[in-house]
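Written out below as structure tokens is the structure these notes cover.
The values are calculated or read from the model by the stated rules, or taken from the named source; none is laboratory data. Not measured: the values here are computed from a predicted model. Cβ atoms come from the backbone with ideal geometry, glycine included; neighbour counts cover every protein chain shown. Just the protein is used for accessible areas: all its heavy atoms, side chains included, with ligands, DNA and RNA removed. Shrake-Rupley method; radii C 1.70, N 1.55, O 1.52, S 1.80 Å.
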Protein chains: 2
Amino acid sequence: MEIKCAHCDMKSPAAGKLSLQETEKLSGNCLTVKFKKGDSIIKQGTYSTNVVYLRRGHVKIHIEGPYRVQVVRIVRSPSYLGLPTTFGDKVNHYSVSAIGECEVCFIDITTFRMLLTTNSDFSYQILIELCKGELELYNKCVNRTQKQIRGKLADMLIDFADNIFKTESFNLNITQEDIGNLVDASRESVSRVLTEFAKDGIIEIKSKRITIRDRQMLNNISRNG
Amino acid sequence: MEIKCAHCDMKSPAAGKLSLQETEKLSGNCLTVKFKKGDSIIKQGTYSTNVVYLRRGHVKIHIEGPYRVQVVRIVRSPSYLGLPTTFGDKVNHYSVSAIGECEVCFIDITTFRMLLTTNSDFSYQILIELCKGELELYNKCVNRTQKQIRGKLADMLIDFADNIFKTESFNLNITQEDIGNLVDASRESVSRVLTEFAKDGIIEIKSKRITIRDRQMLNNISRNG
DNA sequence: CTATTATTGTGATTTGAATCACATTTGTTA
DNA sequence: TAACAAATGTGATTCAAATCACAATAATAG
């Protein structure tokens with residue numbers, strides 16, 4: 001089950017900057033684990049003892065809010081998970097759960113920190129990844145609070161098609177309740193709007209599979225809704 | 001007007017890690033500028049050509065949203081501004097404006113990047129600052145979307161007292177419209193709730209000066225509102 | 001110091017979406 | 001595959017907050 005980092009076909013841009021020797025060091029302090037749908041990978045409130053790298057699969061990042069769970073975002077591999085926690089605070093500020101089969105590498109935090117200090121190209125890449133994540137978060141935040149449900153759902157569908165699944169037809173592995181918690185709407189409203197979209201021929205729903213039929217219209221709704 | 005970084009009394013934790021030689025290098029590539037209330041320090045959509053360090057004063061970070069301006073947060077010195085932009089994308093994703101007298105250092109980006117690569121303690125501190133910022137953003141995001149107006153305003157007042165002004169009595173230099181854009185509420189609702197708080201003796205309002213009178217109550221509202 | 005503009009206060013009305021309540025469908029497991 | 005649990009669909013009702021419409025105060029410039 002062990003995958004040598006040197007031969008990893010899912011290397012992060014940062015890991016690509018490591019020397020052979022450093023990659024060996026990483027390999028020796030890295031554990032690859034598989035997760036099934038629904039499994040918890042990082043749990044909010046627990047101590048963060050590893051850097052987590054999502055090698056394969058999709059996960060959701062969620063926070064226990066004051067009234068309900070907030071799904072912050074859906075992340076696809078490859079991506080580091082919980083970097084802000086690892087370095088910003090010892091305790092995990094959010095949970096991460098698999099929304100399908102996943103493969104995750106747990107990297108020893110001391111090793112990771114060592115690599116950061118010895119290899120500045122590596123740390124620069126990590127810095128860049130962090131920055132990009134934060135910018136994305138800013139935009140998500142603004143959209144979530146300003147648009148109304150139709151617009152937010154359109155945004156979500158576009159994001160799924162363009163960034164998460166990279167295809168116009170994808171298998172939603174999350175419930176409508178999750179979607180509601182992602183776009184800040186109630187489960188019922190999500191259901192209503194999604195069926196409305198289907199009636200208008202904008203999307204097609206076959207149980208959990210959603211296909212985008214009228215991308216133009218979806219863009220419109222995202223912009224004006 | 002030039003302040004030598006070596007003798008700067010407002011050095012960032014990161015800059016504290018620099019050697020004398022490196023600090024000299026920083027000094028030579030750093031320009032200190034004063035801003036007045038309302039002045040624009042960083043403008044969304046323009047190219048980011050400098051790392052910006054807020055040496056003294058308060059600023060607001062705001063984004064042009066689809067329907068209105070979103071005030072993302074209020075930041076007090078000392079703090080780097082726009083780091084995510086500098087490294088995540090060349091174009092500024094948000095604007096920064098002074099909400100009072102400010103002193104800001106513009107640091108040449110090439111110099112800054114050089115320091116990142118040559119001094120790993122420095123880059124580690126920057127990394128940590130980024131991580132903390134992102135975690136804070138997560139929490140802000142969740143609160144903003146889940147609590148209702150009373151709770152959000154209570155949160156804001158507590159944040160101002162504890163983190164921004166560090167006193168129970170502070171001079172709000174922003175309009176109620178700004179407050180609305182910060183907590184995601186209309187200007188009218190902000191006015192209503194603020195006067196309601198004042199009537200209930202929770203706060204005291206004297207033109208722009210707010211004094212927190214019943215901290216316990218404010219905490220309650222933040223928790224249950 | 002007056003004129004003009006920006007900001008704040010407050011009632012009446014409207015509205016988008018939450019909540020409630022239940023039916024229906026889909027999925028799971030014993 | 002029957003039986004139960006989880007997820008979804010849909011109408012009726014409620015509600016928090018936005019919007020509208022002005023009045024009343026600051027604040028600022030000429």
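Tabulated data
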{"read-out": "Counted residues, segment A:186-213 - those being aliphatic (A, V, I, L, M), open to solvent by 20 Å² or more (accessible area, probe 1.4 Å) and closer than 23 Å to residue A:146 by Cα", "value": "0"}
{"read-out": "Count of residues meeting criterion [open to solvent by 80 Å² or more (accessible area, probe 1.4 Å) and among the β-branched types (Val, Ile, Thr)] in segment A:1-54", "value": "1"}
{"read-out": "First in segment A:200-225 and under 12 Å from residue A:160 (Cβ atoms), second anywhere and of a type in the set (Phe, Trp, Tyr) and surrounded by 12 or more Cβ atoms within 10 Å (Cβ to Cβ), Cβ under 6 Å, 6 or more apart", "value": "A:203/A:197"}
{"read-out": "Filter result for the condition that a residue is more than 15 Å from residue A:139 (Cα to Cα) and not acidic (Asp, Glu), over B:137, B:130", "value": "B:130"}
{"read-out": "Enumeration of residues in segment A:165-179 that are more than 9 Å from DNA strand D (Cβ to nearest atom) and touching a helix residue (DSSP H, G or I) at 6+ places or on another chain (Cβ under 8 Å)", "value": "A:167, A:168, A:170"}
{"read-out": "Residue ID - farthest from DNA strand D (Cβ to nearest atom), chosen from residues in segment A:186-225 that are under 23 Å from residue A:76 (Cα atoms) and within 14 Å of chain B (Cβ to nearest Cβ)", "value": "A:219"}
{"read-out": "Selection within segment B:64-116 - crowded, with 21+ Cβ neighbours inside 10 Å, among the aromatic types (Phe, Trp, Tyr) and at the interface with another protein chain (Cβ under 10 Å from one of its Cβ atoms)", "value": "B:87, B:94"}
{"read-out": "Residues (more than 7 Å from chain B (Cβ to nearest Cβ), open to solvent by 10 Å² or more (accessible area, probe 1.4 Å) and hydrophobic (A, V, I, L, M, F, W, C)) located in segment A:117-151", "value": "A:149"}
